[in-house]
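Notes for the one structure printed next.
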Amino acid sequence: MEKLAIDGGTPVRTKGPIVETDYYTDDELNEVIEVMKTARVRRGSVTVEYEKLIAEKLGVKHAIAVTSGTTTLHIALAAFGIGPGDEVIVSPYTFVASNTCVLEQNAIPIFADIDPVTLLLDPADIERKITPRTKAIIPVSITGTPDNIEAIMDIAEKHNLYVLEDAAQSLGAKYTGRYEGKYVGTVGHVGSFSTVTGKILSTGEGGFVVTNDDELYEKMWGFMDFGRKKSLGAASKYHWELPITNYRITELQSAIGIHQIKRMDFLNEKRLENAAYLDEKLKGIPGITLPTGVPYGDRVYFYYVVRLDPEVLGADMIDFSVALASEGTYNINYLSTTRMMIAQHLQPVFLNKAGYGGTKCPFECPLYEGKVEYYEGQCPVAEKAVQEVFWLASVHPLLEKEDLDDIANAVRKVALAFIDKKEKGIPINYASEEIRAIV
Ligand SMILES: Cc1ncc(COP(=O)(O)O)c(C=O)c1O
């Protein structure tokens, strides 16, 4: 049995952990230089061109580029007319932005549970959570897997709800079945994408919404740019009819985005190849379940996530990740940030009903006629998933075979050593109190 690095053995890798990385070429660089030369960098014709290319690529009528995959969600909910007193059904297994966007409109996020295998919102639980106050559903195609969109659209139609697809992690994934060939994010009333570093397409920071609905487009455009009316052009400049926001992106990000969207298929192919390579290298390790596709469409890969079985491995995900970090392939800091260690309904913002201005508003607000509580046991499937689903690696296109080998070898080494220890009755306790407190 190979001695683990954390036990004083030789680490699998010494050249640094594998982290999210963007893939730019000279095309992006040259385009950015050209934009700089124009000396006009705020939103303009380059962004309009970027939006046109996004809409063409995804086969939709409209796209609007904005500052992030968080502000995308906000303008969509604002355009739906969501406000105080309304409820929006959200996922407990996602990044917090998918849920706090609801608070931005002073509405109430209501968590439905997920499916234990796909980690996607469970339509049956969505239905159970619907009340007369429900106005929208935000399904999240987590890690790149298409949602059960047929069931979700049926529920939405039955109850007259909006669907906002949070496709931040799944640009390029496609649905099969009734929506055969349509991209994830293009079936709901609005699709939301993130282009922050590490995502399938990156502009450093950024995001975009897509829709086929002219009215929603006009409204979202307004929320992107001080409530202006796009259809009125310059004449709309001082028509402040709404509480306003400014979520404009710069021409620099759009210049990068133009080349990234043109390479979307290539970038996804590389990610799929990397994931397939990891599948091969990681198969057959006891206690490690590999990611799969879903029956609703063709997935892409934002992250490669595995499910750890604590019974088989004799330790939990935190001990596992600490041992893996010592092997040099994994950065332990990632565990506590975006690696979904807490089910979203148990995040302090919800548990404490931490509202605006130090109040409990909108959770407890005279305009809200319901009563909301967030508590342990509310979404048991998600609560278990956060303990066992391990976000092993970004499978970004710049990874070399050697990097993937290192990832797989480290996982195999740690898993087999843990199982060996378990069999010998050696307790595993690598995670310090300090690390446990962080995650
Ligand atoms: C599912 C999901 N939704 C929303 C966001 C927010 O995107 P951004 O970081 O661009 O604000 C992210 C990622 O960061 C995400 O993964």
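Where a number appears in this text, it was derived from the coordinates with a stated rule and is not lab data. Quick caveat: nothing in here was measured; it's all calculated off a predicted structure. Counting neighbours? That spans all protein chains shown, and the Cβs are built from the backbone with ideal geometry, glycine included.
Tell me, how many Å apart are the Cα centres for the stretch 249-286 and for the stretch 160-221? Result: 17 Å between the Cα centres. The length gained on full extension between L232 and A124, counted as 0.36 nm times the residue separation minus their Cα-Cα distance, comes to 34.5 nm.
Based on other C-beta atoms within 10 Å, arrange I200, I342 from fewest to most. Each step should come with its number before you reach the end.
Details: I200 25, I342 17.
In increasing order of surrounding Cβ atoms, one gets I342, I200.
In this structure the amide hydrogen of T94, modeled in the peptide plane, comes within under 5 Å of the amide hydrogens of Q344, none closer than 5 places in sequence on its chain. Relative to one another, the C-alpha centroids of the stretch 7-36 and the stretch 365-439 are positioned 24 Å apart.
Note on the chain: along the principal axes its Cα atoms extend 75, 54, 44 Å, ordered by decreasing extent. Residues whose amide H falls under 5 Å from that of V66, counting only those 5 or more places apart or on a different chain, are G207, F208, V209, with hydrogens built in the peptide plane.
Exceedance of the 21 Å cut-off in Cα-Cα distance is limited, within the set K230/K262; K57/K237; K283/K401, to K230/K262; K57/K237.
Counting neighbouring Cβ atoms within 10 Å and putting the fewest first, the residues T72, T100 line up as T100, T72.
Relative to the present Cα-Cα distance, how much length would full extension add between K15 and I33 at 0.36 nm per residue of separation? List each step's numbers first, then the result.
On the way: separation 18, 0.36 × 18 = 6.48 nm, distance 3.24 nm.
This chain segment gains 3.2 nm when fully extended.
Only sites in a loop by DSSP and with at most 11 other Cβ atoms within 10 Å count here; which trypsin sites (Lys or Arg not before Pro) in the stretch 197-243 make the cut? Could the numbers behind the result be given before it?
Details: sites: K199, K219, R228, K229, K230, K237; in loops: K199, R228, K229, K237.
Hits after loop and neighbour filter: K237.
Annotation for V349 and D265: the two label points, set 7 Å from Cα along the Cα-Cβ direction, are 3.8 nm apart.
Residue exposure proxy: C101, C379, ordered by other Cβ atoms within 10 angstrom of their Cβ from fewest to most, comes out as C379, C101.
Amide H contacts of N246: F226, each under 5 Å away and 5 or more positions distant or on a separate chain (H built 1.01 Å from N in the peptide plane; Pro and chain starts excluded).
Listed by chain and number, the lysines whose C-alpha is less than 19 Å from the C-alpha of K424, apart from same-chain residues fewer than 8 away, are K3, K413.
Taking 7 Å steps out from each Cα toward its Cβ at V312 and E49 produces label points 5.1 nm apart. Comparing the stretch 26-263 with the 2.2 N^0.38 Å rule of thumb, its C-alpha radius of gyration ratio is 0.99 (two decimals). Phi angles across the stretch 110-123 convert, under the Karplus curve 6.51 cos²θ - 1.76 cosθ + 1.60 with θ = phi - 60°, into 3J(HN,Hα) values of 10, 8, 9, 7, 10, 7, x, 8, 7, 6, 9, 3, 8, x Hz, Gly and Pro given as x.
If the segment from Q387 to T197 were pulled out straight at 0.36 nm per residue, it would be longer than the present Cα-Cα gap by 65.8 nm.
How much FRET efficiency would the formula 1/(1 + (r/R0)^6) give for H239 and Y23, where r is the Cβ-Cβ distance and R0 is 41 Å, rounded to 0.05? Intermediate results must be reported in sequence, preceding the final value.
Numbers: r = 42 Å, r/R0 = 1.02.
After rounding, the FRET efficiency stands at 0.45.
Listed by chain and number, the lysines whose C-alpha is less than 26 Å from the C-alpha of K158, apart from same-chain residues fewer than 8 away, are K61, K129, K135, K174, K182, K219, K371.
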